[in-house]
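Reviewing the structure listed below.
We did not get these values from a lab; they are worked out from the coordinates using the rules stated. Keep in mind it's a predicted model, so treat the numbers as computed, not measured. Here the Cβ positions follow ideal geometry from the backbone for every residue, glycine too, while neighbour counts run over all protein chains shown.
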Amino acid sequence: MEVRTRIRLRFTKKGSARFLSHHDLMRFFERAIRRAGLPVKMSQGFNPRPKFSIAAALGVGVAAQHEILDIELDEAIDPAVVRKRLSQMLIPGIEIVSAGQARRKSARVAAARYEVRLPSDSDLPQGAVDALMAQDEVIVERTAKKTIKRINIRPCILDIQRSGPTVRMRLQITDSGAVRPEEVIAALTGEAEFDRSRLQIVRTDLELQPDEQA
């Protein structure tokens, strides 16, 4: 009988590691899993790949405290052992903070929480949060394949809280995509767009669907 074990790890992405692209992060974990000697399940076909996934892509330059990495193994191994072995292969800024069993092949994310610190020269009017949350539409423009699309991001803005120069937000993630924190900041400040590099953004948590394991 074939044995498969799905391990769910929560990890950080801080410091210089936050500048890794999603593609670079995937390549990094592929190498780390291999070097850790974990019996990872391989895909079928002419170019077999290890079966693991990262729950939600993170923008370059955005730090994170609680990202999700799911690994499918060929052998039953204690999650604590997987955490210990993989931790020895990580770089500064990436740290595994928890490990457990996963019910599904990959996590289904419902929402993300962010903490955004505004630059000192940013003008966020008093009452801007209440004004935005009272709107039915918040339209942003995105360019894809030389085509500009107008998207209403308001339904995916679940909550915003402001404390001085820090804005905390809870944003819904759907199969069709997710709201970008800089788009919310642009809407709050009334700017057409906001350069992400001017913001200190941390994704503090990923919320899973109710039937998922944390």
May I ask you to derive the FRET efficiency for Thr143 and Ser53 from their Cβ-Cβ distance with R0 = 25 Å, giving the value to the nearest 0.05? 0.35
Near the amide H of Glu95, under 5 Å away, which other amide H atoms are found, from residues 5 or more places off or on another chain, if H is placed in the peptide plane? Thr12
Grab the other residues whose beta carbon is less than 12 angstrom from that of Leu132, score K and R as +1, D and E as -1, and report the net. -3
Whole-Hz ³J(HN,Hα) from phi, Karplus 6.51 cos²θ - 1.76 cosθ + 1.60, for the stretch 18-34, glycine and proline x: 5, 8, 6, 6, 4, 4, 5, 5, 4, 5, 4, 5, 4, 5, 5, 5, 5
Sequence-distant or interchain residues sharing an amide H contact under 5 Å with Ala107, placed H: which? none
In whole percent, what relative contact order does the stretch 109-208 give with Cα contacts below 8 Å and a gap of six or more residues? 44
Determine which lysines satisfy two conditions relative to Lys51: a Cα distance under 16 Å, and not lying fewer than 8 residues away in the same chain. Lys41, Lys105
For the stretch 59-75, in residue order, the Karplus 3J(HN,Hα) values (coefficients 6.51, -1.76, 1.60; θ = phi - 60°; whole Hz; Gly and Pro = x) are x, 4, x, 8, 7, 8, 10, 8, 6, 10, 10, 9, 10, 9, 10, 8, 10
Work out the length of the dipole vector of the stretch 109-208 about its Cα centre, built from +1 on the beta-carbon of each Lys and Arg and -1 on the beta-carbon of each Asp and Glu, and round it to the nearest 20 debye. 340
Positive-end residue of Ala178, Val129, Leu199, charge dipole of the stretch 109-208 with Cβ unit charges: Ala178
Which whole-Hz ³J(HN,Hα) couplings does the stretch 185-200 yield from phi under the Karplus relation 6.51 cos²θ - 1.76 cosθ + 1.60, θ = phi - 60°, glycine and proline marked x? 5, 4, 5, 5, 8, x, 8, 5, 7, 9, 5, 4, 5, 7, 10, 9
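Under a Cβ-only charge scheme (Lys and Arg +1, Asp and Glu -1), can you give me the dipole magnitude of the chain about the Cα centre, in debye to the nearest 20?
920
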Would you mind calculating the relative contact order of the chain from Cα pairs under 8 angstrom and at least 6 residues apart, reporting the percent as a whole number? 26
Relative to the present Cα-Cα distance, how much length would full extension add between Glu191 and Glu95 at 0.36 nm per residue of separation? 31.0 nm
Which entries in the list Lys14/Lys146; Lys14/Lys145; Lys13/Lys84 go over 24 Å, if you measure between the two C-alpha atoms of each? Lys14/Lys146; Lys14/Lys145
